[in-house]
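The structure appears right after this line, and notes come after that.
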Amino acid sequence: MKAAYARQSVEKKNSISIEGQIELCENIAGEKLKVYKDRGYSGKNTDRPAFKKLLKDIDNGKIEKLYVYRLDRFSRSVADFGRLWETLKAHNVEFVSVNENFDTSTPMGRAMLHIIMVFAQLERETTAERVKDNYYRRASLGAWPGGPAPYGFTTGRSRDHTGRMVPTLELEPAEAKIVRRIYEDYMKDGASLGTVARGLTVDGIPSAKRDSWDTVSVARVLHNPAYVMANEDVRLHYQALGARVTSPADDFDGVHGVLLVGKRDRANRKYTSVQDHSVSILNSRGFIPAELWLQCQNKLANNQQLSRDAMGKHTWLTGLMKCASCGYSVTVKPSKNHRYLYCVGRFSRKICKADIKVNLTELENLIADQIQSMLDECPEETVSIPRADNYAKRLDELDQKADRLMDAFAGDATLSPAYLQRALARIEKEREQLLKERKRDASRPVFHSKIVFRTLPLDEKKTIAKQFISKIKLSRDDVEIVWQI
């Protein structure tokens, strides 16, 4: 079906009427057209009744060619038109503008559309750049730049040094009490992100977005510098990490919090380097003492994130088992006398109905026998089981941190030698601890090619299994092993 769209915001003596627009479109088309018309609506937005009905018919595949008198009848925003054109193109709808004299069924018409799309992209990027500039300007002046307030705060407004009302963070007493508990509990002997999260959940304390806490939500609180009563030590901490400190030294008064602005790798849920991030003092007060906050940062930095292969402790098949129905991982829930298999898609995502009844012990025995057969066929030579060695990278990061600290001290006469000495001492302590751990882990077992698979420790079984198996698909009673050889 061929259609025409016409729009007129107000009746003007020198403007062409809706009826006139439709007539010109039908003259070009050479036939009667299905008409969509909006009378009394501006082209500055797309919230128009007939226009929305037209888009719905396009989505349903009812339109094959669309005529308009002029582009501004369709949309006055180049960016909006760019998005609308993507919709037309996705549904193979040809587009004709009578006044501008182009038709996307012709090479010249398509070239005109490409030019328009270039300007649409420019407009979008310019708008995004303005938003970004405004965000960074607010941040550099200490105002809350926008978005939801961190847990423990609400958003409000306060006067800046010029008397203008600007966004700020205001304390939420009940949540702030929980934040203090998180920092204090994390620094207790033997505490981890997991133990802190479980303690909060057991006590029935909801997190910011759900009824329970997990390691991610606890880590988010511990990493956030908005809570710290930032003093010179905090300033030195960020300079040593390579961040750009935009606030003067006098602003680190041991009262106000810190705003850290910069891109974070969203594909990696773990917090990454803050090098090249911007640090500025907020116009809101912190409530976590600087010493406690820095102790937590050091503990977080020393935590070694386990690879997903090392997470499971109930079977060496962890990470390989997948639900044949939904594709999500299958995990183990042990009871006193049995290990049950659960589909994550069913019990966590609520998108699957798979009820897996496979006996895990029988599955392990079956795969162990097959792996052993393949190992027995290996040639007579000495081999070792590889283990990831992250110590060199972490030691190098500490060296770089110390170098940046020295550079910051050399370039800033306001930095106290006492602060520098304390910071370097902390780095050296971390380095000594890493060297001890590295020496302890250096003695890894070396095996002859005739490995007895069943006698290996759990982590070494995982390593070997991953070399042989791509994945294991599980359904109710069936198993499909996808080998890599």
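Quick one: which of ALA176, ALA139 is at pLDDT below 90, open to solvent by less than 30 Å² (accessible area, probe 1.4 Å), at negative phi and under 26 Å from the mean Cα position of the chain (by Cα)?
Answer to the check: ALA139.
For the stretch 411-427, which positions are of a type in the set (D, E, K, R) and either open to solvent by less than 90 Å² (accessible area, probe 1.4 Å) or at pLDDT below 65 (or both)?
ASP412, ARG426
Looking only at the stretch 332-375, which residues are of a type in the set (Ser, Thr, Tyr) and within 22 Å of GLN484 (Cβ to Cβ)?
Applying the first criterion (of a type in the set (Ser, Thr, Tyr)) to the stretch 332-375 yields 335, 340, 342, 348, 361, 373.
Scanning the stretch 332-375 gives a single hit, SER373.
Mind checking which residues of the stretch 330-345 are surrounded by fewer than 14 Cβ atoms within 10 Å (Cβ to Cβ) and among the small types (Gly, Ala, Ser)?
SER335
If you go through the stretch 211-246 one residue at a time, how many are among the charged types (D, E, K, R) and more than 28 Å from ALA143 (Cα to Cα)?
2
Could you list all residues from the stretch 214-252 that are within 10 Å of TRP293 (Cα to Cα) and either open to solvent by less than 20 Å² (accessible area, probe 1.4 Å) or more than 26 Å from the chain's Cα centre (by Cα) (or both)?
If we filter the stretch 214-252 for residues that are within 10 Å of TRP293 (Cα to Cα), which is where we start, we get 222-225, 227-230, 234.
Answer for the stretch 214-252, where residues must be within 10 Å of TRP293 (Cα to Cα) and either open to solvent by less than 20 Å² (accessible area, probe 1.4 Å) or more than 26 Å from the chain's Cα centre (by Cα) (or both): LEU222, PRO225, TYR227, VAL228, MET229, ALA230, VAL234.
If you scan the stretch 465-474, which residues turn out to be more than 12 Å from THR318 (Cα to Cα) and open to solvent by less than 10 Å² (accessible area, probe 1.4 Å)?
LEU474
Show the residue pairs meeting these rules: Cβ distance below 7 Å; 6+ apart or different chains; first residue within the stretch 16-28 and within 10 Å of ARG73 (Cβ to Cβ); second residue assigned to a helix (DSSP H, G or I) and open to solvent by 20 Å² or more (accessible area, probe 1.4 Å).
GLN21/ARG73
In the stretch 30-57, how many residues are touching a strand residue (DSSP E or B) at 6+ places or on another chain (Cβ under 7 Å) and in contact (Cβ under 8 Å) with a residue 40 or more places away in the chain?
4
SER348 is checked against (1) over 19 Å from LYS462 (Cα atoms); (2) open to solvent by 80 Å² or more (accessible area, probe 1.4 Å); (3) modelled with pLDDT of 85 or more and fails just one. What number does that condition carry?
Status for SER348: all satisfied but (3).
Is one or more of the residues making up the stretch 213-223 farther than 21 Å from ALA423 by Cα and among the small types (Gly, Ala, Ser)?
yes
Across the stretch 30-50, what is the total count of residues that are open to solvent by less than 90 Å² (accessible area, probe 1.4 Å) and assigned to a loop (DSSP other than H, G, I, E, B)?
Selection size over the stretch 30-50: 10.
Just to be sure I understand, how many residues within the stretch 51-69 are surrounded by 15 or more Cβ atoms within 10 Å (Cβ to Cβ) and part of a loop (DSSP other than H, G, I, E, B)?
Number satisfying all stated conditions: 2.
Please work out which one of (1) over 17 Å from LEU282 (Cβ atoms); (2) assigned to a helix (DSSP H, G or I); (3) open to solvent by 10 Å² or more (accessible area, probe 1.4 Å) is the condition LYS209 fails and give its number.
(2)
Answer yes or no: is there a residue in the stretch 384-400 that is more than 36 Å from the chain's Cα centre (by Cα) and at pLDDT below 65. It would help to see each step written out before you state the result.
Looking only at the stretch 384-400, we keep the residues that are more than 36 Å from the chain's Cα centre (by Cα), and these are 384.
Next, only the ones that are at pLDDT below 65 stay: 384.
Checking the stretch 384-400: at least one residue is more than 36 Å from the chain's Cα centre (by Cα) and at pLDDT below 65.
Tell me, which strands (runs of 3 or more DSSP E) wholly within the stretch 234-326 include 2 or more residues that are within 30 Å of ASP459 (Cβ to Cβ) and at pLDDT 75 or above?
Result: 321-323.
Do you know which residues across the stretch 11-70 are modelled with pLDDT of 90 or more and among the hydroxyl-bearing types (Ser, Thr, Tyr)?
TYR36, TYR67 - these are the residues of the stretch 11-70 that are modelled with pLDDT of 90 or more and among the hydroxyl-bearing types (Ser, Thr, Tyr).
The values are calculated or read from the model by the stated rules, or taken from the named source; none is laboratory data. In this text, all values refer to a predicted model and were calculated from it rather than measured experimentally. Glycine gets a Cβ as well: all are built from the backbone with ideal geometry, and neighbour counts include every protein chain shown. What goes into the accessible areas is simple: the full protein's heavy atoms, side chains included, and nothing from ligands, DNA or RNA. Shrake-Rupley method; radii C 1.70, N 1.55, O 1.52, S 1.80 Å.
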